[in-house]
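One structure is given below, encoded as structure tokens.
The values are calculated or read from the model by the stated rules, or taken from the named source; none is laboratory data. Just so you know, these numbers come straight off a predicted model, no measurement behind them. When we count neighbours, we look across all protein chains shown, and the Cβ atoms used for this are built from the backbone with ideal geometry, even at glycine.
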Amino acid sequence: MIDFAQWKAGSLEIWREGDGPTVGYLHGMVCAPGRQSFVPELASRGFRVIAPSLPGYARTSPSVDIRNIHDWVFALSEIIDAAGLVGAPLVASSTGAMLALELAAMRPEAFSSLVLVAPLGLWSDDRPVADPFSTTLSGQRALLTRDPTATASFFDDSAAGDLLVDATIQRYTARTATASLVWPIPEFGLAERMHRVSCPVTLVWGSDDQIVDPSYAEEFAARLRDVRGRHVVDGAGHLVEWDDPRAVASLAAAAFG
Amino acid sequence: MKTIWFHLMPYPELPDDFTSEHRSVWVDIDPGLFDARVGHRMYNEYIDELEFAASVGFDGVGINEHHSNAYGLMPSPNLIAASLARTCPDAALVVLGDSVALYNPPIRVAEEFAMLDCISGGRLVAGFPVGTPMDTLYAYGNNPATLRERYHEGIELILKAWTADDVFSFNGKYSKLRYVNCWPRPVQQPHPPIWIPGGGSIDTWQWCARAGYSYLYLSYFGYKAALKTMQGFWKCVEDAGRPANPFQAGFAQFFGVADSEAEAIELYREPAEYFFNRCLHVYPGFADPPGYKTLATVRNGAEGMVERAAREASERAQQTTKKAERKAAQRSFSAASHMSFEQMVEKGYVIVGNPDQVAEKTIEMAKQLRIGHVMSLCHFGNMSRDLAMHNTELMATKVLPQIRHLWDDEWQDRWWPTPLPVADRMTPSPRPSVSR
């Protein structure tokens with residue numbers, strides 16, 4: 001079920017799926033409420049999954065107040081309040097995982113547990129995080145997932161007429177929101193704050209991540225207080241839950257079980 | 001009609017295999033291709049050409065700002081303008097401009113433009129481009145999501161700095177200054193004329209129309225392809241309830257003048273092919289990052305896509321997307337890559353011919369687009385200084401007299417600088433001889 005809550009910037013789109021203990025899902029660089037198999041896959045393991053769309057993504061209004069990472073983190077803080085996610089365990093991916101860590105560092109009660117899929121937020125000169133935008137749209141798809149068709153529900157259009165125009169605008173707004181999070185380098189000092197994250201964390205990476213090299217898992221693990229597991233999903237790219245929804249759902253169920 | 005001699009200052013010695021061996025002329029071009037001795041010669045020759053153009057009767061000299069590229073080597077147009085302000089005593093200094101969002105704080109633009117206006121005695125045209133994505137987002141790391149807001153805020157600060165009677169505080173979203181006090185102040189009051197160079201952004205048309213700024217369409221793809229854009233701008237002027245004064249608009253155009261059309265084709269083929277094939281060889285992945293375009297422009301493009309899709313109802317949606325992507329890449333800077341000179345002439349990218357032919361086509365262009373300012377590119381690509389000056393001289397002596405009259409009997413150019421009277425203007429004084 002998809003419904004809308006209100007927050008300071010307008011409409012907040014929330015996808016709710018399944019019954020059971022509440023688990024949050026925070027998307028990364030792409031977002032397709034109602035059309036992403038990971039959410040029902042996770043719900044099928046006995047959870048009530050709540051997946052809000054961040055500002056600018058899908059049908060959540062863009063927020064004109066957001067100009068830097070500080071504003072993004074405050075936005076997420078308000079969003080988990082509005083979505084009823086405070087204190088719940090959370091699966092967060094890519095840029096969403098970076099935001100979740102930032103929020104957990106300053107608001108300890110925000111999440112009870114985190115499963116982070118290829119978080120951004122650190123930078124190493126010898127393994128630079130890839131720029132997902134200095135390429136064509138097709139090139140970007142190939143960077144995000146091992147199987148470029150895995151994100152079809154975000155990139156491809158099935159609508160026509162005015163709905164196609166709306167879908168094009170929505171995708172552009174979402175990609176702009178991602179750009180605002182990662183441009184020019186997605187490193188905003190998280191390394192200096194990560195030690196404050198007190199909840200248990202599980203790290204998941206795709207073996208073929210073209211955006212954040214899987215070796216970054218070590219950098220995150222070295223700075224986090226309570227890492228419960230580190231997993232590499234074979235044959236998956238950056239957005240592991242799009243390439244292999246079952247694998248990530250199983251890892252999350254085990255972590256939250 | 002006013003004609004401005006506009007220089008891009010391209011790097012003239014890109015190798016013959018540049019397009020096959022290098023992916024882009026911009027952003028990640030191989031630094032090893034730059035030879036500083038060529039740079040030394042190039043800058044001096046290019047300044048010679050600008051000075052020559054001013055001396056033979058062009059109304060203005062024009063320059064602009066780009067970064068990390070071989071297409072246009074003026075990271076700081078103000079440096080060149082400062083030199084020209086002293087050596088070109090009568091021409092307008094058309095700086096197109098300073099990319100406002102790249103100056104932090106943008107008060108720097110207010111100050112340097114005011115310096116130029118003072119040095120030149122009030123001959124500055126203040127151009128405020130957003131800047132290309134390659135310059136602003138990739139080379140200078142601006143965030144595409146906030147670039148335009150930062151740009152507009154910067155212009156607001158500059159205008160207030162030029163016109164405020166008192167020291168003031170500016171509490172912007174991106175610039176926070178406790179004390180704003182622009183010294184020097186511009187000669188022209190309330191401020192130099194403002195020209196906005198742009199691509200096809202609808203919001204820019206509306207803004208220029210509303211605020212009364214002069215809009216310049218800097219396409220290098222010829223006046224024939226520019227018609228739709230300029231019609232869009234003039235519609236916005238009409239909607240804003242303003243008169244369609246042609247001097248509120250300008251257009252950039254390549255010219256190649258010779259004694260005959262055949263000679264012109266022979267003379268200008270190589271530099272044109274160099275420019276269009278090498279200098280515009282931009283990797284498409286740099287041309288269209290999300291957030292750079294306004295949503296109105298994206299919507300306009302999407303609606304066009306829908307119309308096309310309706311015409312081609314049998315086409316699958318995925319094919320439509322790929323087509324739009326291809327089309328977007330074609331509209332980007334690399335559009336003319338591998339095009340022959342004959343095609344460039346046929347499409348109007350370059351107006352070539354004898355002086356009468358060039359004058360006739362230029363008037364046709366100006367009337368079709370309804371423009372009062374022509375940014376004329378008489379140097380392009382790897383053109384030699386001698387050929388650039390030959391082209392410039394023919395243009396000044398045999399073409400300009402035929403086109404200059406256009407619009408003068410009907411419209412006043414309210415977007416042209418208003419300098420101090422000649423008698424009040426300083427010129428470089430001869431250096432006193434010093435006995436050693």
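What the table shows:
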item	result
Whichever residue in region B:150-207 is in a strand (DSSP E or B) and crowded, with 18+ Cβ neighbours inside 10 Å and, among such residues, is nearest to the other protein chains (Cβ to nearest Cβ)	B:170
Residue among B:353, B:348 that alone is small (Gly, Ala, Ser) and modelled with pLDDT under 95	B:348
Residue within region A:206-225 that is part of a strand (DSSP E or B) and either under 16 Å from residue A:96 (Cβ atoms) or hydrophobic (A, V, I, L, M, F, W, C) (or both) present	yes
Conditions (1) modelled with pLDDT under 95; (2) surrounded by fewer than 18 Cβ atoms within 10 Å (Cβ to Cβ); number of the one not met by residue B:87	(1)
Residue match in region A:52-68 (condition: farther than 30 Å from residue B:149 by Cα, among the acidic types (Asp, Glu) and surrounded by fewer than 24 Cβ atoms within 10 Å (Cβ to Cβ))	no
From the options A:250, A:207, residue that is touching a residue at least 60 places away in the same chain (Cβ under 8 Å) and more than 14 Å from the chain's Cα centre (by Cα)	A:250
Residue selected from region B:103-114 under the condition surrounded by fewer than 24 Cβ atoms within 10 Å (Cβ to Cβ) and within 21 Å of residue B:146 (Cβ to Cβ), by the criterion modelled with the lowest pLDDT	B:104
Scan of region A:51-82 for residues that are among the hydrophobic types (A, V, I, L, M, F, W, C) and touching a helix residue (DSSP H, G or I) at 6+ places or on another chain (Cβ under 7 Å), ordered by number	A:51, A:54, A:58, A:66, A:69, A:72, A:73, A:76
Subset of region A:174-191 (residues that are more than 7 Å from chain B (Cβ to nearest Cβ), of a type outside the set (A, V, I, L, M, F, W, C) and either closer than 25 Å to residue A:89 by Cβ or touching a helix residue (DSSP H, G or I) at 6+ places or on another chain (Cβ under 9 Å) (or both))	A:178, A:186, A:189
Candidate set from region B:116-134 (those that are more than 14 Å from residue B:197 (Cα to Cα) and either surrounded by fewer than 24 Cβ atoms within 10 Å (Cβ to Cβ) or hydrophobic (A, V, I, L, M, F, W, C) (or both)); member that is nearest to the other protein chains (Cβ to nearest Cβ)	B:134
Qualifying residue in region A:107-129 (condition: at positive phi and either touching a residue at least 40 places away in the same chain (Cβ under 8 Å) or more than 11 Å from every other protein chain (Cβ to nearest Cβ) (or both))	yes
Test: residue in region B:13-20 that is crowded, with 22+ Cβ neighbours inside 10 Å and touching a helix residue (DSSP H, G or I) at 6+ places or on another chain (Cβ under 8 Å)	yes
Members of region A:164-193 found to be in contact (Cβ under 8 Å) with a residue 12 or more places away in the chain, surrounded by fewer than 21 Cβ atoms within 10 Å (Cβ to Cβ), aliphatic (A, V, I, L, M) and part of a helix (DSSP H, G or I), listed by number	A:191
Any strands (runs of 3 or more DSSP E) falling wholly within region A:6-105 and containing at least 1 residues that are more than 14 Å from chain B (Cβ to nearest Cβ) and in contact (Cβ under 8 Å) with a residue 60 or more places away in the chain	A:10-17, A:22-26, A:88-93
Answer from A:196, A:146 - the residue that is surrounded by 17 or more Cβ atoms within 10 Å (Cβ to Cβ), away from chain B (no Cβ under 14 Å) and among the basic types (Lys, Arg)	A:146
Residues (in contact with a helix residue (DSSP H, G or I) (Cβ under 6 Å, 6 or more places away or on another chain), buried (at least 24 other Cβ atoms within 10 Å of the Cβ) and farther than 22 Å from residue A:140 by Cβ) located in region A:26-50	A:42, A:49
Of all residues in region A:160-171 being more than 8 Å from chain B (Cβ to nearest Cβ) and either of a type in the set (Asp, Glu) or touching an Asp or Glu at 6+ places or on another chain (Cβ under 8 Å) (or both), the one that is farthest from residue A:244 (Cα to Cα)	A:166
Filtered residues of region A:130-141 (kept if closer than 13 Å to residue A:29 by Cβ and either more than 11 Å from chain B (Cβ to nearest Cβ) or not in a loop (DSSP other than H, G, I, E, B) (or both))	A:130, A:137, A:140, A:141
Count of region B:42-76 residues which are part of a loop (DSSP other than H, G, I, E, B) and not aromatic (Phe, Trp, Tyr)	14
